[in-house]
1. Cβ-Cβ distance below 7 Å, separation of 6 or more or different chains: which pairs start in the stretch 14-33 with a residue that is among the acidic types (Asp, Glu) and end on one that is part of a loop (DSSP other than H, G, I, E, B) and exposed (fewer than 14 other Cβ atoms within 10 Å of the Cβ)?
2. For Gly70, indicate whether it is touching an Asp or Glu at 6+ places or on another chain (Cβ under 6 Å), among the small types (Gly, Ala, Ser) and without any contact (Cβ under 8 Å) to a residue 40 or more places away in the chain.
3. State all residues of the stretch 22-45 that are among the aliphatic types (A, V, I, L, M) and either under 12 Å from the mean Cα position of the chain (by Cα) or more than 14 Å from Asp87 (Cα to Cα) (or both); if no residue qualifies, say none.
4. Any residue in the stretch 77-97 that's on the phi < 0 side of the Ramachandran plot and among the hydroxyl-bearing types (Ser, Thr, Tyr): show its pairings with residues that are at pLDDT below 95 and in a helix (DSSP H, G or I) at Cβ separation under 8 Å, as long as the two are six or more apart or on different chains.
Amino acid sequence: MQRLSQCLGWLALAALVFATLSPIGLRPTSGDSVGLERFGAFAVVGFLFAFGYPRYPVPLLTLVVLAAAGLEALQLIEPTRHGRLTDFLVKALGAGFGAAMGSGLAALTALRQKADARF
């Protein structure tokens, strides 16, 4: 499961890079508020990385937050996009929430495996 989570995390991050830097007309939408979409997308990436790399939650959360900051900054060069501090904060909060959930699930999974190994 960890290997799958690692692969999906990198794929999801690549998809976010594409969606964030492509012209606005190519950005996928769900119909929900853009804030919820941003939060959810970065929560998924944070979760996948935290679950996939349980020994490195802080460096990977830092990577995802720095990616969010960099993507917001890079949007300033795309004429149809705009980088905003509030958008970055929503993405960073999503990443943190997802990372917390992924780390929690990874810890519970490790405890369960340890308990199963004893019996």
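The values are calculated or read from the model by the stated rules, or taken from the named source; none is laboratory data. Note that the coordinates shown come from a computational prediction; the quantities given were computed from them, not determined experimentally. Don't worry about glycine lacking a Cβ; one is built from the backbone with ideal geometry, like all the others, and counts go over all protein chains shown.
1. From residues that are among the acidic types (Asp, Glu), there are no pairs.
2. No: the conditions fail for Gly70.
3. Passing the criteria: Ile24, Leu26, Ala41, Ala43, Val44, Val45.
4. Thr80/Ile24; Thr80/Gly25
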